[in-house]
Amino acid sequence: MKDLKAFMDVTPEIEEAVRAGKPVVALESTILSHGMPYPENLGFAREVERVIREQGAVPATMAVIDGRLKAGLTEAELLRMCEAKGVLKVSRRDLPIVVAQKLTGATTVATTMILSQMAGVRVFATGGIGGVHRGGENSMDISADLQELAHTPVAVVCAGAKMILDIGRTLEYLETMGVPVLGLGTDDFPAFYCRKSGFGVDYNAHTPADVARIAHAKWSMGLGGGLLIGNPVPERYAMDFDEMSAVIDRAMAQAEEAGVRGKDITPFLLAHIVELTGGDSLKTNIQLAYNNARAAAQIAVELAKL
Ligand code: PSU
Ligand code: MN
């Protein structure tokens, strides 16, 4: 990456781990600033880092603070992301603006992948990815996350995609862009709150070691680009598919009524889904993200051996 030091601050711990080839796991900050309410997000932000350390990997939460790209946040910076006052949602197209204007923003999956590549981090844990929105064939609302997965060499562990998206078209798009979609111990691409979406993955990679070997093969051959790993929410935290479908339909009707568009759609829907489920969806969201952090750390540990 060009002139990394001019734009990015990597904590000494992360820099040292990357240099030594030790396992590091990236985390996004949009899930904090625009995906979960305060103060639950702060408890989550701390715990998810602990979960990664427990597996023997180093967490690297990404963000843009006063125009500086950050890999690894201080406690004060984490708090700032969680309070989310004036914190923008930063995808690829927003990055030059927040940097040049010295603004503060939370990184989406796409931007977290970019910052991961800059910092030399190859594995990233999130909750759900962006994708082709329902009605995307008309609105052309397709998250930049999908293009990033096509081009940026990071393995992204997620719990699938929410039913606010058109999961079938999201998977078709990923196929077109040449992104391997793996299940971690599952044949089904998960649907975030639920373990199954009704759509299959390309390949059931049964263990973190399998995922690491596949990622290593992809990058060793010079194929570049990312991989998407679907890791289903643990059974005891999973929600009922039909119930969640109804909730999501209602949230989408509310968005339509409020005339919400573009980058504000996802945060709007996430907040309304939490409200409509009386907070149950937040508990599931938090647990699936821990589950992904654990799996991502195990993949990073395996990758470090290759
Ligand atoms: N989906 C979720 N939770 C999230 C997001 C998506 O279930 O928090 C966030 C992620 O940061 C993702 C972004 O990268 O929203 C996608 O936004 P958009 O569709 O505007 O690209
Ligand atoms: Mn969009």
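The values are calculated or read from the model by the stated rules, or taken from the named source; none is laboratory data. The structure presented is a predicted model; accordingly, all values stated were derived computationally and were not measured. Here the Cβ is made from the backbone with ideal geometry for all residues, glycine too, and neighbour counts use every protein chain on show. Side chains are part of the model used for accessible areas, which takes the heavy atoms of the whole protein and leaves out ligands, DNA and RNA. Shrake-Rupley method; radii C 1.70, N 1.55, O 1.52, S 1.80 Å.
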*Which residue, of I129, I164, I114, is open to solvent by less than 40 Å² (accessible area, probe 1.4 Å), at pLDDT below 95 and within 16 Å of the chain's Cα centre (by Cα)?*
I164
*Quick one: in the stretch 136-151, of everything that is among the polar types (S, T, N, Q) and either over 15 Å from the mean Cα position of the chain (by Cα) or near ligand 1 (Cβ under 9 Å from one of its atoms) (or both), which residue is nearest to Q117 (Cα to Cα)?*
S143
*Kindly indicate whether E256 is within 16 Å of ligand 2 (Cβ to nearest atom), out of contact with any helix residue (DSSP H, G or I) (no Cβ under 6 Å at 6 or more places or on another chain) and over 24 Å from V156 (Cβ atoms).*
yes
*What is the one condition in (1) within 15 Å of ligand 1 (Cβ to nearest atom); (2) surrounded by fewer than 20 Cβ atoms within 10 Å (Cβ to Cβ); (3) of a type in the set (S, T, Y) that Y193 does not satisfy?*
(2)
_Quick check on the stretch 219-234. Is at least one of its residues within 15 Å of ligand 1 (Cβ to nearest atom), free of Cβ contacts under 8 Å to residues at least 12 places away in the same chain and farther than 19 Å from G128 by Cα?_
no
*Could you count how many residues in the stretch 43-77 are of a type outside the set (A, V, I, L, M), part of a helix (DSSP H, G or I) and open to solvent by 30 Å² or more (accessible area, probe 1.4 Å)?*
9
_Where a residue in the stretch 205-217 is in contact (Cβ under 8 Å) with a residue 40 or more places away in the chain and its partner, wherever it lies, is assigned to a helix (DSSP H, G or I), with Cβ under 6 Å and at least six apart_ = P208/Q298; P208/I299; P208/E302; A209/E302; V211/I299; A212/I299; A212/E302; A212/L303
*Give the number of residues within the stretch 241-262 that are part of a helix (DSSP H, G or I) and open to solvent by less than 70 Å² (accessible area, probe 1.4 Å).*
12
*Is it true that V156 is buried (at least 23 other Cβ atoms within 10 Å of the Cβ) and away from ligand 2 (no atom under 16 Å from the Cβ)?*
yes
*Leading residue by the ranking (least open to solvent (accessible area, probe 1.4 Å)) among those in the stretch 263-281 that are assigned to a helix (DSSP H, G or I) and of a type in the set (S, T, N, Q)*: S281
*Would you check if there is a residue in the stretch 97-116 being more than 12 Å from ligand 1 (Cβ to nearest atom), touching a residue at least 24 places away in the same chain (Cβ under 8 Å) and under 17 Å from I14 (Cβ atoms)?*
yes
*Sole exception among (1) over 22 Å from A251 (Cα atoms); (2) in contact with a strand residue (DSSP E or B) (Cβ under 9 Å, 6 or more places away or on another chain) for P96, by number*: (2)
*Please enumerate the residues belonging to the stretch 132-152 that are more than 12 Å from ligand 2 (Cβ to nearest atom), open to solvent by less than 30 Å² (accessible area, probe 1.4 Å) and not β-branched (V, I, T).*
E148, L149, A150
